[in-house]
Amino acid sequence: MTVSAFSQPVFQATLASINERSNRQILEEALQYQPYQIFLLDTDSLDNFLQQISGDTTFSLAITANWTWQLTLSPYDMQGSDNLPIITYRGIAGDTSANRVALTATNDYLSGTITYNNKRYRIGPAWGILGDDYVDHFVVVETPYTPPSQQENTPGGILEIGVEVDYELYQAFNQDEAAIHTRVMAFMSEIELYYQDHFDNLSFKVNGPYFQYASDNFYGTTNEINQNISNYWRDFRDCIPRDVIILFSGSNIGFGHANMGACPDGTSLVPVSFVSTTTFYLNGITGGFQGMVIAHELGHVLTGTGHVDDDS
């Protein structure tokens, strides 16, 4: 970290490169050939700085000369529990409210979305794509962004989301609950940003993640998984507020699914959506794609409808 002439901290990235041609091809395909940059950053210093702020605070994040943003952020508590550290931050880039930013940061992790001049810059770890040689590397990718012509005129409200993590994913992260919590909160923060593009008054409260510490029955057909998760929360997590449950699974249960509020026999059921996850997707920038899958499945749950228009 350095300090600018205006006494604002500047967190300067160190640019890195990918030497292996095969890895470059993998990354470029994953990023759909959008402009990108691999970099290193002192996330420990950034985390220490952010942990000390209590309101709007301005600093700069500098990746390249063209990809440098003045960010004004404040802590953003999406969590239903007071016992967990706040690791998500919200605010703007520059001085325009339309340039919205969602950032998740810890001492070894950085993920988020920066909106700036009709572009969106997604930041996340690179090693999920490139392997252990890039465990401390990050990638930023530039994508086009067209804001909606107008936001929906809705009363808004708080959506309570219960998050469950199955045993397979818990084991895949070597039982590191803090690492999974960080990545789940990063997903949910960015998904909320997507929804607030259209529903400004909608916000999320995330209750969890809660973990399975032994083999579970969160597998089978879509209806079986929905039923088993809903039954489990009714029997063992009934005191936890939720409007919807999201399962992060390490099993090969299919990429994204949603139950829209009723069992096959017509009985009422808390809406459930679930996504098949691996350490690859929960760590890499491709998690942005998975975030869109979760947002898509959540749309089914919230509207109670199937696909419309172009089946997207």
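The values are calculated or read from the model by the stated rules, or taken from the named source; none is laboratory data. Because the structure is a prediction, the values reported are computed rather than measured. Positions of Cβ are backbone-derived with ideal geometry, glycine not excepted, and every protein chain shown enters the neighbour counts. Accessible surface areas use protein heavy atoms only, side chains included; no ligands, DNA or RNA. Shrake-Rupley method; radii C 1.70, N 1.55, O 1.52, S 1.80 Å.
Quick notes on this one:
- Label positions at Val135 and Ser215, each projected 7 Å from the Cα along the C-beta direction, are separated by 3.0 nm.
- Low-density loop cleavage sites - GluC sites (Glu not before Pro) in the range 1-84, where at most 14 other Cβ are within 10 Å (DSSP): Glu20
- Heavy-atom SASA rank of Ile294, Ile26 (probe 1.4 Å, accessible area, largest first): Ile26, Ile294
- Inter-label distance, nm, simple model (7 Å from Cα along the C-beta direction), Asp42/Asn66: 2.8
- The residues of the range 33-111 expose on average 45 square angstrom of accessible surface per residue, using a 1.4 Å probe on protein heavy atoms.
- Extending 7 Å from Cα along the Cβ direction at Gln32 and again at His198 yields two label points whose distance is 1.6 nm.
- Here Thr106 sits with roughly 20 square angstrom of accessible surface, probe radius 1.4 Å.
- FRET efficiency, Ser81 to Asn223 (Cβ-Cβ, R0 35 Å, nearest 0.05): 0.70
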